[in-house]
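As structure tokens, the structure follows; a few thoughts come after it.
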């Protein structure tokens, strides 16, 4: 169930190259799982902007976004105290009942934020996650220290080798053999590569352009082994085994 509510900005800060973190204060009771998203109405724009949830508590929700177009440019200039019209509790999040107690948690670029809350929830269930974060360069890197503060092993890859392993998250995966399951969020090309690089089961959160954000417009439909599914409604999280990569 989704809820429409007013949220007030209490923090909006730049944390990496073109990447911002917003903390919103409001009614979060309809947010239930890591991997869900919110949909923000912005003045002068027809479509809301869907943003994955990085973290939340009973009074606030934290999101992280990259400035890539008009909508996110508007968001980057919003000041503390501004109220936003927000749809919350959207999408189906990650299933935490994974195989074994050593899941691999992989975030690529702005696919990293939802993995932070996921990691916290896995730890609360007694799991011992291993984390891989993939970025273009050190200028793009964010939240490495936040993950480390959770007490997990964190590996970083960058395309240019400016920090961590030079290459992609799949290059780091080659040296990790003790994980029992995987969770991933990031660009489609990364998710496809991850699914092809391991025989382990897992779940991936898909990035897809959305219209309404709650299943009415069918604009984010994808083909799966179970038929056509809406990323905003039946997803954004899907099991590896159900996906058809085209």
- Query: Looking at the range 153-193, which of the residues that are over 18 Å from the mean Cα position of the chain (by Cα) and under 23 Å from residue 124 (Cβ atoms) is surrounded by the fewest Cβ atoms within 10 Å (Cβ to Cβ)?
  - Reply: 178
- Item | Filter result (touching a helix residue (DSSP H, G or I) at 6+ places or on another chain (Cβ under 7 Å), outside any loop (DSSP other than H, G, I, E, B) and modelled with pLDDT under 95) within the range 1-51 | 49
- Here are some residues: 208, 246. Which one is within 16 Å of the chain's Cα centre (by Cα), assigned to a loop (DSSP other than H, G, I, E, B) and modelled with pLDDT under 95? 208
- Give 11, 43, 73 a once-over and let me know the one that is out of contact with any strand residue (DSSP E or B) (no Cβ under 7 Å at 6 or more places or on another chain) and touching a residue at least 12 places away in the same chain (Cβ under 8 Å). 43
- Qualifying positions in the range 142-167 - in contact with a helix residue (DSSP H, G or I) (Cβ under 7 Å, 6 or more places away or on another chain) and closer than 26 Å to residue 240 by Cα: 143, 147, 152, 154, 155, 156, 157, 158, 165
- Item | Checklist (1) within 19 Å of the chain's Cα centre (by Cα); (2) in contact (Cβ under 8 Å) with a residue 24 or more places away in the chain applied to residue 138, failing item | (1)
- Query: Can residue 160 be described as at pLDDT below 95, touching a strand residue (DSSP E or B) at 6+ places or on another chain (Cβ under 8 Å), in a loop (DSSP other than H, G, I, E, B) and farther than 22 Å from residue 30 by Cβ?
  - Reply: no
- Query: In the range 211-243, which residue that is touching a helix residue (DSSP H, G or I) at 6+ places or on another chain (Cβ under 9 Å), at pLDDT 90 or above and not in a strand (DSSP E or B) is farthest from residue 130 (Cα to Cα)?
  - Reply: 225
- Item | Complete set of residues in the range 90-118 that are touching a strand residue (DSSP E or B) at 6+ places or on another chain (Cβ under 7 Å), closer than 22 Å to residue 58 by Cβ and surrounded by fewer than 20 Cβ atoms within 10 Å (Cβ to Cβ) | 92
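The values are calculated or read from the model by the stated rules, or taken from the named source; none is laboratory data. Predicted, not measured: the structure shown is a model, and the values here were computed from it. Methodologically, a virtual Cβ is constructed for each residue, glycine included, from the backbone with ideal geometry; neighbour enumeration extends over all protein chains shown.
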